[in-house]
Structures are given as structure tokens and as C-alpha cells.
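Below is one structure; the comments refer to it alone.
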Amino acid sequence: MSASAPLPRLAVLCSGRGSNLGAIIKAIDSGTLDAEVVGVFSDRPKCAALQLVPATLRWSAKPGDFASRGDFDLALGDAVANVRPHWVVCAGYMRILDSAFVERFRGRLLNIHPSLLPRHRGLDTHQRALESGDREHGASVHFVIPELDAGAVIAQVVVPVQPGDTPQSLAERVQAQEHHLYPEVLRWAASGRLHEHDATAMLDGHTLFTPRQLEFPES
Ligand code: GAR
């Protein structure tokens, strides 16, 4: 990207620790991701993720202070739209987005999920992978559609399950890989290589019939 071109604007939605947001910020700061975080949005005003950006970039509200899910997601959507994002990036955002929000940002709304989708949609994925006897687990980045964790998968990383793994030990290895996976997919997004078309993911103009399988060094 030329020095004068405006940077792709990322709005990031978080609910927790924010380690994926931290990895995105690190990639931007180190010059490996040409993008700008223009806002961080949360349903948990005390979450650590918000502290990773200056106060002027933070928006948060408690869903319980709104009359309905729709009212909260409308306020969230207005706040996100207000920063004029090119991409809306769910990074550990733990609340289901209503279909009005999803349709508003459809095609530029991404999520990272800690499993090899379509396996283990929803919560407690690490425990469920262990209980199922999976030999491989991992993480996926996908386009968001109204159905939970069901949008077109763009890329995945595989993390082998090891003897003696606990949900915690497995989560740590998966998250370490997520911190490579999400910046890589955002590089594709930020450089105009990634699109959603007819509910499929497209990279460089080609339909991804299966997700890209990426490998990164263990950190
Ligand atoms: C990540 O592991 C992410 O995959 C998961 O939450 C964690 C957030 O960690 N997301 C989901 O489970 C979404 N359904 P972080 O706050 O440290 O980035």
C-alpha cells in the first residue's frame, strides 16, 4: 500500500482479555499489517481488552441497561458505524449478534472461533474437543452470518491434541496460534484480497471451497 492511501479501518469487538486484539495491534505496530484500529467495542465495560487502546477509541455498554437485545445491538451497531470501519472484527466477543447487526455489516464482519469449524460451534470448545476424543483441534476465522458460528470459513490452524491435555492447556496452545491466524487473515482483508460472495469466502477472486489451512511456528 502506498504511503498516501488511507489505511483500512478496523472496528474490533471484544468481551474479555483481548489477547487477539493485542496480537492485531502488535502486527500493526510492527508494520506487518497495514490497517488501523479505529474503535474497540465491548458488552463488558470492565474487560481488559478495552484497556489496550486509548480511551477515545473505546465504546462499551452493559446489555442489561437496554430494554432488549435488539436495542443493545442497535446502539452497538450505531457506535460501530460511526467509526466508518472497512472491517468489523469479532475478537473474543462473547455475545450473540442479532441478525439486524449481522446484515448491517454483512460481508465485512469476521469472527475467530476456537475450534475447527464446523466442529464444536458455540461454547466450551476445548473441553468438548477433549470429551469427543478429537486428535486435532484448532481455530477458525470465518465470515459472520446470523446463524451462530456457521458462516463461510476462511482459514484454520490445526493444533494436535496431546496426551494429558486439559481444556486449559489446549486453550493456551490454540490461542497462541490464533495470534498468528487472525493477523494473517486481516492482512488478506486489508489488502483487498478477501470477499464474501453468495455465502462463500473468496480469496484473490477464487472461491475457497475449503478453508485455507495455515501453519505457524509454535510460540
Ligand atoms: C479466543 O480464544 C477466541 O477464539 C474465543 O474467545 C477467546 C478470546 O480471547 N472466541 C469465542 O469463543 C467466540 N465464540 P482473547 O479475549 O484473549 O482474544
Practice prompt. Rounding to the nearest 20 debye, state how big the charge dipole of the range 123-219 is about its Cα centre with +1 on each Lys and Arg Cβ and -1 on each Asp and Glu Cβ.
Written response: 220 debye
Worksheet, complete the sentence: The answer for residue 201, listing residues at least 5 apart or on another chain whose modeled amide H is closer than 5 Å to its amide H, is 208
Worksheet item: Counting other Cβ atoms within 10 Å, which trypsin sites (Lys or Arg not before Pro) in the range 161-205 have at most 14 and lie in a DSSP loop?
Response: 193
Worksheet item: Around residue 137, with a cut-off of 13 angstrom between Cβ atoms, what is the net charge of the other residues, counting Lys and Arg +1 and Asp and Glu -1?
Response: -3
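Where the only charges are on Cβ atoms (+1 Lys, Arg; -1 Asp, Glu), what is the dipole of the range 80-178 about its Cα centre, to the nearest 20 debye?
Values: 10 positive and 11 negative charges, 81 e Å.
The calculated dipole for the range 80-178 is roughly 400 debye.
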Discussion item. Between residue 195 and residue 32, what's the calculated FRET efficiency when r is the beta-carbon distance and R0 is 22 Å? Round to 0.05.
Written reply: 0.50
Fill in: Dipole moment magnitude, nearest 20 debye, the chain about Cα centre, only Lys, Arg, Asp, Glu C-beta charged
400 debye
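Return a whole-number percent for the relative contact order of the chain, with Cα pairs under 8 Å and 6 or more residues apart as the contact set.
Values: 409 pairs, mean separation 40.6, N = 219.
After rounding, I find 19 percent.
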Response to the item:
Percent relative contact order for the range 21-111, counting Cα pairs under 8 Å at least six residues apart, stands at 24 percent
Worksheet item: In the range 42-171, with Lys and Arg counted as +1 and Asp and Glu as -1 at Cβ, which of these residues, 139, 85, 64, has the Cα nearest the positive end of the dipole, that is, farthest along it?
Response: 85
Item to complete: List the residues whose amide H sits under 5 Å from the amide H of residue 161, counting only those 5 or more places along or on another chain, with H placed 1.01 Å from N in the peptide plane.
Response: 136, 137
Worksheet, complete the sentence: Here FRET efficiency (C-beta to C-beta, residue 210 to residue 55, R₀ 41 Å, nearest 0.05) is 0.45
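Every number in this text was worked out from the coordinates using simple rules, so none of it is lab data. Owing to the predicted nature of the structure, the values given are computational and were not obtained by experimental measurement. Note that we place each Cβ from the backbone using ideal geometry, even for glycine, and neighbour counts take in every protein chain shown.
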